[in-house]
Amino acid sequence: MKISAISIFPEYFQPLQLSLIGKAQEKSLVEFNVKDLRDFTHDTHRTVDDTPYGGGAGMVMKPEPWGEALDQTLTDGCDLIVLTPAGKRFNQRLAEKFSQSPHLVFACGRYEGIDARVTEYYRSQPRYRVHEISIGDYVLNGGEVAALAIIESVVRLIPGVIGNPESLVEESHAQDGVVEYPTYTKPAEWRGLKVPDVLSSGNHGAIATWRAEAAQLRSQHAERD
Ligand code: 6GU
């Protein structure tokens, strides 16, 4: 899979060289590249934003640098992911869908967002799929941190990235909104707290039942959809 990101803060993506994702790159399972949006400006100040039509606070990202950057980055059949708090809420289903893509392109907006014609234009191009995505109901200064979260959740689903693929089946959210059961390891007692007896019983049926019930309780408590 190819992953591209466009941002005015390309250094944000430095952590992708670490750990799991770094290894996936070494194994050529993913190829990551990041572009600086300011490289697609033509004025001495490398301007990427301007005041909003209609007035109001903040600045809006200009369409021209985004158009030039995206024209040079998008490929036929790619998924363009525009990060915005106004987007569709990201979840494990979308992570699974994106993990099937040949090429993900992350457009990281800052300030009050990107001129709305940018998504409108690329949506009108049938060779691209455009997704406006949010990672939750809170406001970040820009899309970079959201892109990092999405990239990590997607890359770990690519076959060969995770050592034991069975861990992907049981884990939290793999089954429609049900989170994982609580887990324990040695010692059997820690600070007066004991590991539930059933887990040492050797009774695999009883263990499975206990885990299913504990997962249900946890899911209700987490109040997820
Ligand atoms: Cl994708 N961007 C910004 N700026 N804030 C967010 C977000 C994205 N998702 C949640 N909050």
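The values are calculated or read from the model by the stated rules, or taken from the named source; none is laboratory data. Computed from a predicted structure; not experimentally measured. Note that we place each Cβ from the backbone using ideal geometry, even for glycine, and neighbour counts take in every protein chain shown. Areas reflect the complete protein model, heavy atoms only, side chains present, ligands, DNA and RNA absent. Shrake-Rupley method; radii C 1.70, N 1.55, O 1.52, S 1.80 Å.
Quick notes
- Residue match in the stretch 54-65 (condition: open to solvent by 40 Å² or more (accessible area, probe 1.4 Å), over 19 Å from residue 132 (Cβ atoms) and of a type in the set (D, E, K, R)): yes
- Residue match in the stretch 69-79 (condition: charged (D, E, K, R) and within 19 Å of the chain's Cα centre (by Cα)): yes
- Hits in the stretch 5-29 (condition: open to solvent by 10 Å² or more (accessible area, probe 1.4 Å), under 21 Å from residue 143 (Cβ atoms) and outside any helix (DSSP H, G or I)): 8, 9, 18
- Condition met for residue 112 (within 16 Å of the ligand (Cβ to nearest atom), more than 12 Å from residue 7 (Cα to Cα) and open to solvent by 30 Å² or more (accessible area, probe 1.4 Å)): yes
- Selection within the stretch 66-83: residues that are touching a residue at least 24 places away in the same chain (Cβ under 8 Å) and surrounded by fewer than 17 Cβ atoms within 10 Å (Cβ to Cβ). The member of this set that is farthest from the ligand (Cβ to nearest atom) is 76.
- Listed by position, the helices (runs of 4 or more DSSP H) enclosed by the stretch 115-216 that each have at least 3 residues that are away from the ligand (no atom under 14 Å from the Cβ) and charged (D, E, K, R) are 117-123.
- The condition (being surrounded by 14 or more Cβ atoms within 10 Å (Cβ to Cβ), out of contact with any Ser or Thr (no Cβ under 9 Å at 6 or more places or on another chain) and free of Cβ contacts under 8 Å to residues at least 60 places away in the same chain) is satisfied by just one residue among 38, 93, 46: 46.
- Meets criteria (under 21 Å from the mean Cα position of the chain (by Cα) and either more than 16 Å from the ligand (Cβ to nearest atom) or among the aliphatic types (A, V, I, L, M) (or both)) for residue 60: no
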